[in-house]
Protein chains: 2
Amino acid sequence: MKSGLLIDVKFDSFGKFEPFRELMPGREIISWRDENNRPTDLGGIHYALGWKPDAGLFASMPDLKVMFSVGAGVDHILCDPTLPDLPLVRFVDAGLTSRMSEWVCLQCLMHLRQQRTYDKQQSERIWRDHKQPDASDLRVGIMGMGVLGCNSARKLKALGFRVNGWSRSRKEIDGVSCYEGAQLDEFLGNSDIIVGLLPLTPQTTGIFNSALFAKLPRETPIGGPVFINAGRGKSQVEADIVSALETGVLGGISLDVFENEPLDSDSALWVMDNAILTPHVASVSDADALARHVAGQIERFEAGLELQHLVDMQVGY
Amino acid sequence: MKSGLLIDVKFDSFGKFEPFRELMPGREIISWRDENNRPTDLGGIHYALGWKPDAGLFASMPDLKVMFSVGAGVDHILCDPTLPDLPLVRFVDAGLTSRMSEWVCLQCLMHLRQQRTYDKQQSERIWRDHKQPDASDLRVGIMGMGVLGCNSARKLKALGFRVNGWSRSRKEIDGVSCYEGAQLDEFLGNSDIIVGLLPLTPQTTGIFNSALFAKLPRETPIGGPVFINAGRGKSQVEADIVSALETGVLGGISLDVFENEPLDSDSALWVMDNAILTPHVASVSDADALARHVAGQIERFEAGLELQHLVDMQVGY
């Protein structure tokens, strides 16, 4: 028997272990959520895959060698103060990337095309047209120009939007106006829509707050500026978002992530005007692709090759 | 005084004559909708611009030389049986094209990403995720591969969709599976979403009916097949659409055009499940761009050059 893989993935739609069993025959696949079948001894298990894994779980595995994250983000693992000093591999996948940029494009188009206004009219059987700017009239500013940000930028440009990118270190991307860390204010002042695709780190926690929103343009071709977030919920201050929508500092929002998930049914966000909320589905890891990725990295590791997509523990992503 | 331009444009948001006056100084610009200031004598007017112009109006202009359509479509002019045998110029404009393909991309993305399901969940404060296919899992079939169809195909491909195109005569377009007139059934059987961008002619009147919908795939990665129409409302049989949605032959629709506009408030379409309706706003002609186009064509005409974007009266577009 090859060394096992322990899986602790806390989201409902992830129930498929077959792809892992099929791709890694002879390797024990252990579901930590299956409380009745938890192993009493975690010795001898070299690999663990997690989405919000139990705090202390990885530390309690004496023979753990590699940790895997189910998503592109890893804050849900790094937040465990007992986390062992072991390599952590993020999930990078073409499908994960394309689904994220599809969601970003959909949200930008919905705001450009005043979809919530037309939704409301449809529900009231009202026939009325509104002045319609072009995509080329709008500047979309992406915060976080990693794999997801760059792919989104490419598709947004194909749709005709003008695209700005902001990242810690300055990037050079054809057709994208790139800004680096210290140029945040200038970037914000030139963006009608901002799209958050940032990892969660101490620097990005709460970054989307009243002070930041106040630096966006007062007027845009679609009314007030729009805030879109598909990065991490804890990067946003939801009380500030509600207040910015109420006072018109923001003209609209699209949120896929929230400070606490699931979003509390009492949240004011659910019913704000021009607010589009989705339940952390912008880019959900596909079990088949994930299994291929994990199996491939384990194969590399056991062949003595370097692991890919390693997290830099110093910068936190 | 140069020969005048008579304008009869029947839609509410078109109220701007300034761009025409600014671009054509010394030329009389006559608004036919302004009933109190209608000229009693239509003699000496060489040009007319219309959107659903009064039947008989153009025939009553003894010195008319060139007719202009406000849109890419011309059926709203050709339906006048008294129409004089004069050149008819359609409106082609980069903004008109890009707005149309933005709308098409938005609708395809909304169906791909199950937006109406998430809209409903948001209104009920429900947090629940659903299995999400990729754009690359879906085949979008565009019916009508003119300027608007080709531009939509290009953007849909950039978003990752697989794209089919159907047109009267076969086209060759890179990365698009092209079908010609007689291959309609094969085209339909291979399209999970169909997008109508057809001109209205005797051949396309009522083409989107039960018989056509029955040729679409039974199952698609997003449930039933989806019908999207931004061409002409009289190409669709709305009773058949309602029935196809009720029986599951269609899984969703996006309509910007209707058999009769404005859509009657009694129509069943307003409240069908997974139906997205917009009030003929997919691509509205911009008055500034339209004025530039008309002024440019009149200038060509008076300089003895050939008019551009002429309608072929035999095929009707």
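Derivation of every value follows stated rules applied to the coordinates shown; laboratory data play no part. Since the model is a prediction, treat every value here as computed from it, not as a measurement. Cβ: placed from backbone, ideal geometry, glycine included. Neighbour counts: every protein chain shown.
About the Cα centre of the protein assembly as shown, what is the dipole size in debye to 20, counting +1 per Lys and Arg Cβ and -1 per Asp and Glu Cβ, all else neutral?
So the dipole magnitude of the protein assembly as shown works out to roughly 840 debye.
Could you please state, rounded to a whole Å, how far the C-alpha centre of segment B:43-98 is from the C-alpha centre of segment A:108-163?
For segment B:43-98 versus segment A:108-163, the Cα centre distance is 33 Å.
Counting partner chain Cβ atoms within 10 Å of every residue's Cβ in A:274-281, what's the average?
Mean partner shielding for this stretch: 5.
Can you give the FRET efficiency to the nearest 0.05 for B:K131 and A:K215, using r as the Cβ-Cβ distance and R₀ = 30 Å?
0.15
Checking the cross-link filter: which aspartates and glutamates have an alpha carbon closer than 14 Å to that of A:K16, excluding same-chain neighbours under 8 positions apart?
A:D8, A:D34, A:D286, A:D288
Which of A:S101, A:S31, A:S169 moves the most in a Gaussian network model of chain A with Cα springs under 10 Å?
Top of the fluctuation ranking is A:S169.
Please work out the C-alpha center-to-center distance from segment A:256-281 to segment A:181-242 and express it in whole Å.
Their Cα centres are 16 Å away from one another.
Would you list, by chain and number, the lysines whose Cα falls below 19 Å from the Cα of A:K155, excluding same-chain residues fewer than 8 positions away?
Here the lysines satisfying the reach criterion relative to A:K155 are A:K171, B:K155, B:K157.
Using a 7 Å offset from the Cα along the Cα-to-Cβ direction at both B:T205 and B:H309, what is the distance between the two label points in nm, to one decimal?
So the two model labels end up 2.6 nm from each other.
Please say if chain B is rounded, prolate or oblate, where rounded means a/c under 1.5 for a ≥ b ≥ c the square roots of the C-alpha gyration tensor eigenvalues, and otherwise the choice is prolate for a/b larger than b/c and oblate otherwise?
Working: a/c = 2.16, a/b = 1.90, b/c = 1.14.
In terms of gyration-tensor shape, prolate.
Among B:V74, B:M61, B:Q114, pick out the residue whose Cα is farthest towards the positive end of the charge dipole of segment B:39-115, where Lys and Arg carry +1 and Asp and Glu carry -1 on C-beta, about the Cα centre.
B:Q114
Exposed loop GluC sites (Glu not before Pro) only (DSSP loop, at most 14 other Cβ atoms within 10 Å): please give the longest stretch of chain B free of them, not including the sites.
By the stated rule (loop sites, at most 14 other Cβ atoms within 10 Å), B:1-123.
Can you tell which of A:G304, A:A275, A:A291 lies farthest toward the positive end of the dipole of segment A:236-317, using +1 and -1 charges on the Cβ of basic and acidic side chains (Lys, Arg; Asp, Glu)?
Toward the positive end, the furthest listed residue is A:G304.
Tell me the relative contact order for chain B as a rounded percent, counting alpha carbon contacts under 8 Å between residues six or more apart.
16 percent
Once you charge only the Cβ atoms, +1 for Lys and Arg and -1 for Asp and Glu, what is the size of the charge dipole of chain B about its Cα centre, to the nearest 20 debye?
780 debye
Taking the Cβ of B:S210 as the center, what net charge do the other residues with Cβ under 14 Å away carry, scoring Lys and Arg +1 and Asp and Glu -1?
-2
Could you check what % of the DSSP bridge pairs in segment B:152-232 are antiparallel, to the nearest 5?
That works out to approximately 10 percent antiparallel.
Pull out a ≥ b ≥ c, the square roots of the eigenvalues of the alpha-carbon gyration tensor of segment B:187-283, then state rounded if a/c is under 1.5, prolate if not and a/b is larger than b/c, and oblate in the remaining case.
It comes out oblate by the Cα gyration axes.
Shortest first and in nm with one decimal, please list how far the B:A214 label point sits from its counterparts in the other copies (point 7 Å along Cα→Cβ).
6.6
Determine which chain B residue has its Cβ at minimum distance from the rotation axis mapping B onto A, giving the value in whole Å.
In residue-and-Å form, the answer is B:A158, 2.
In the Gaussian network model of chain B, springs joining C-alpha atoms below 10 Å, which of B:S152, B:S191, B:S177 carries the largest mean-square fluctuation?
B:S177
Based on Cβ point charges of +1 for Lys and Arg and -1 for Asp and Glu, what charge dipole magnitude is obtained for segment A:95-277 about its Cα centre, in debye rounded to the nearest 20? Numbers along the way, then the final one.
On the way: 19 positive and 22 negative charges, 115 e Å.
Here the size comes out at about 560 debye.
Would you kindly work out, in nm and rounded to one decimal, the distances from the label point of A:F11 to those of the same position in each other copy, ordered shortest first, with label points 7 Å along Cα-to-Cβ?
Spacings between copies for this position, smallest first, are 4.0 nm.
For peptide B:116-122, how many partner chain Cβ atoms fall within 10 Å of a residue's Cβ, on average?
4
Specify the residue with the greatest mean-square fluctuation among A:C105, A:C79, A:C150, computed from a Gaussian network of chain A linking alpha-carbon atoms under 10 Å apart.
A:C79
Could you check what % of the DSSP bridge pairs in segment B:95-277 are antiparallel, to the nearest 5?
Here the antiparallel bridges make up roughly 5 percent for segment B:95-277.
Once you average over the residues of A:94-101, how many Cβ atoms of partner chains fall within 10 Å of each Cβ?
Mean shielding count: 3.
How would the protein assembly as shown be classified by its alpha-carbon gyration tensor: rounded, prolate or oblate, with rounded meaning a/c under 1.5 and the a/b versus b/c comparison settling the rest?
On the way: a/c = 2.50, a/b = 1.95, b/c = 1.29.
Judged from the Cα gyration tensor, the protein assembly as shown comes out prolate (a/c at least 1.5, a/b above b/c).
Express the relative contact order of segment B:95-277 as a whole percentage, based on alpha carbon pairs under 8 Å and six or more residues apart in sequence.
Values: 326 pairs, mean separation 33.1, N = 183.
The normalised contact order for segment B:95-277 reaches 18 percent.
Over the protein assembly as shown, what is the percentage of antiparallel beta bridges among all DSSP beta bridges, to the nearest 5?
Looking only at bridges with both residues in the protein assembly as shown, the antiparallel portion is about 5 percent.
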